[in-house]
Amino acid sequence: MPNTANLRNVSFGTVLVLTALLSGCQGILDSLKGSDGNGGGGGGGDDTTITNFTAHYAFEETSGAAILNSAADYYHGDLLNVSRVTGIVGNALQFGGTAKATISPQRMTEFTGDRLSFRAWVYLDSSPSGLTCQLLGGGTTGTSPFMVQLNDGKIELLIGLAPTGYQSVVLGGTAISTGVWTQVAVTYDGSTAKAFVNGGEDGSHSVSVSIPLNLNPYWMGADENGTNQLPGKLDEVYLENATWTGNQVSQFYTNDLP
């Protein structure tokens, strides 16, 4: 007859060994995950605030619904009813109708020093006269830190004042043309906002507005409701926690030309 006391001891010892092994494996996994916040890629945990960020969307993915930030491992996005078409450099995104893209910050974002800059190539298929057309920004309630749009065809930067909406900080003076690629840019340093068209300054305004922290998504080509649609294409979109000088923007325009 087997010794039940010995069996109990063996079973209990086996459980202890297995528990220790499982605990050790979990600790290793947690350590690896904690080193980059997502199990790889670097940059701290999910609760780490992003500062001095940079984003570049070249739209060179050949298929699928994802768009990637080629400058960092955050601020990736997804497409909804958006077509990939020929751009000024490689591929571009075609908007209009129900098309839009959603960008997820993944982690809290701080606009250090209230600095923000944006530039993109825009191709208008039809005139946006009398309309506002979202290029990139938050929702319509102003709960995100900024919005860049065409207002009556002119480039405009707005800063979020959640929950009361947005404040326009600069509006360009030139309505961009249809049927051609045009580079638009805006930059803000916490006290002065400037707009640019094809490398040349197109508007400037002195204003002091704090850019709020953000963990909300951004939308490209339309707002979250699918309105304020861009009737055309976007290519080579850049967003930075930085302030660009006029000389830099002019050089970007020259360098970005195919």
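Laboratory data are not the source of any read-out in this text; all were calculated from the coordinates shown. Since the structure is predicted, the reported quantities are computational estimates derived from the model, not experimental observations. Counting neighbours? That spans all protein chains shown, and the Cβs are built from the backbone with ideal geometry, glycine included.
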Local electrostatic count, T243, Cβ distance below 11 Å [Lys/Arg +1, Asp/Glu -1]: -1
Shape of region 72-196, Cα gyration tensor, a/c cut at 1.5: oblate
For region 199-204, 3J(HN,Hα) per residue [Karplus equation, 6.51 cos²θ - 1.76 cosθ + 1.60, θ = phi - 60°, Hz, x = Gly/Pro]: x, x, 5, 10, x, 8
Signed unit charges on C-beta, dipole axis of region 54-256, positive-most listed residue L171, A92, L215: L171
Distant-in-sequence amide H partners of V170 (H built 1.01 Å from N, under 5 Å): L157
Chain lengthening between D152 and T48 when straightened (0.36 nm per residue, less Cα-Cα): 33.6 nm
Gain in span if fully extended, A65 to T98, counting 0.36 nm per residue against the direct Cα distance: 10.4 nm
Label-zone membership for region 158-189, site S83, 7 angstrom Cα→C-beta point, backbone N under 16 Å: 179
Order by protection proxy (mean Cβ within 10 Å, highest first), peptides 215-225, 121-131, 54-64: 215-225, 121-131, 54-64
